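Asks: Mind having a look at this structure? Questions to follow.
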Amino acid sequence: KAEGELNDINAYLEGPYAGNNTMTTTLNTNNLIPLNSNTAYSTTTYGYTASIVGSIPTNIVDWVLIELRTETASGTKVVTRAAFLKSDGTIVDTDGTSPVSFTSISAGNYYIVIRHRNHLAIMSALAIPLSSNSALYDFSTTQLQAYGTNPMVALSGGGFGMWKGDTDLSGVVDVTDRANTWNLRNTSGVYNGYDTDLSSVIDVTDRANTWNNRNHQTQVPN
């Protein structure tokens with residue numbers, strides 16, 4: 001086994017998407033993104049080793065979790081690790097620039113699952129080579145890039161992204177998510193899963209986000 005890299009993976013979150021192939025970095029600007037990925041994604045829940053950084057690099061939207069599977073089923077997961085999502089949709093390692101690296105993983109092709117703390121998870125439609133020489137895999141170009149039926153939302157101006165609004169990480173956006181955002185409305189300056197557009201404020205916009213996306217569910221087998 002040897003270290004491998006996910007070279008050039010691109011995806012968008014619907015919540016902070018601002019159009020023109022870019023996402024807002026409000027949480028970063030307000031110094032709200034935690035230095036320990038465990039704050040964003042529980043190591044107990046996801047079964048991974050937390051990443052800790054001394055500072056958040058520039059142009060980072062938020063932490064994401066990257067999971068590798070040998071097949072589509074959840075029981076085929078081989079590794080999970082935290083990474084950063086940049087404003088242009090590029091997913092990078094914790095230094096903010098390098099491809100996401102995995103240690104002690106055999107060379108080969110893997111299905112790539114991308115998780116975010118209040119968006120519906122997506123998985124690559126095909127197994128992707130784990131190599132620094134692999135071609136760009138851009139989830140945003142077409143629905144067919146992600147596994148399942150209607151796995152992503154059409155973004156303004158073209159392209160596709162991860163559905164926003166799964167505030168309780170149940171895998172579906174529903175009335176519970178709507179209630180979550182409403183119960184904490186008018187809360188500001190927070191890093192919280194109920195802030196569906198990553199604006200650092202929980203308000204009526206977040207409530208509308210969850211309601212507009214109700215009944216959508218992740219296509220990633222769990």
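The values are calculated or read from the model by the stated rules, or taken from the named source; none is laboratory data. Remember, predicted model here, so these are calculated numbers, not experimental data. Neighbour counts are summed over all protein chains in view; Cβ atoms, including those assigned to glycine, are modelled from backbone coordinates with ideal geometry. The accessibility values were calculated without ligands, DNA or RNA, using every heavy atom of the protein model including side chains. Shrake-Rupley method; radii C 1.70, N 1.55, O 1.52, S 1.80 Å.
Asks: Tell me which trypsin sites (Lys or Arg not before Pro) from segment 159-222 have a DSSP coil assignment and no more than 16 other beta carbons within 10 Å of their own.
Replies: For trypsin sites (Lys or Arg not before Pro) across segment 159-222 that sit outside H, G, I, E and B with at most 16 neighbouring Cβ atoms in 10 Å, the list reads R185, R214.
Asks: Compute the accessible area per residue over segment 149-222, keeping the other protein chains in place, probe 1.4 Å, unit Å².
Replies: Details: 3420 Å² over 74 residues.
It amounts to 46 Å² per residue over segment 149-222.
Asks: For the pair T44 and D88, what calculated FRET efficiency results from E = 1/(1 + (r/R0)^6), where r is the Cβ-Cβ distance and R0 = 30 Å, to the nearest 0.05?
Replies: The formula returns an efficiency of 0.40 here.
Asks: So, one more: Where does the chain land at 222 nm, in deg cm²/dmol rounded to the nearest 500, when only DSSP H runs of n ≥ 4 count, each adding -39500 (n - 2.57), divided by all residues?
Replies: -3000 deg cm²/dmol
Asks: Then there's this: Contour minus end-to-end for S55 and N21, with contour as 0.36 nm per residue of separation and end-to-end as the Cα-Cα distance?
Replies: Between S55 and N21, full extension yields 9.7 nm more.
Asks: Report the Stokes-Einstein translational diffusion coefficient (µm² s⁻¹, integer) for segment 143-207, Rh taken as the Kirkwood radius over Cα pairs, at 37 °C with viscosity 0.692 mPa s.
Replies: Calculated translational D: 257 µm²/s.
Asks: Given (1) 89, 50, 36; (2) 61, 45, 32; (3) 50, 40, 36, which label gives Cα extents along the principal axes in Å as computed from the coordinates?
Replies: Here Cα extents along the principal axes in Å agrees with entry (3).
Asks: Of L184, L130, L68, which is the most mobile in a GNM of the chain whose springs link Cα atoms less than 10 angstrom apart?
Replies: Top of the fluctuation ranking is L184.
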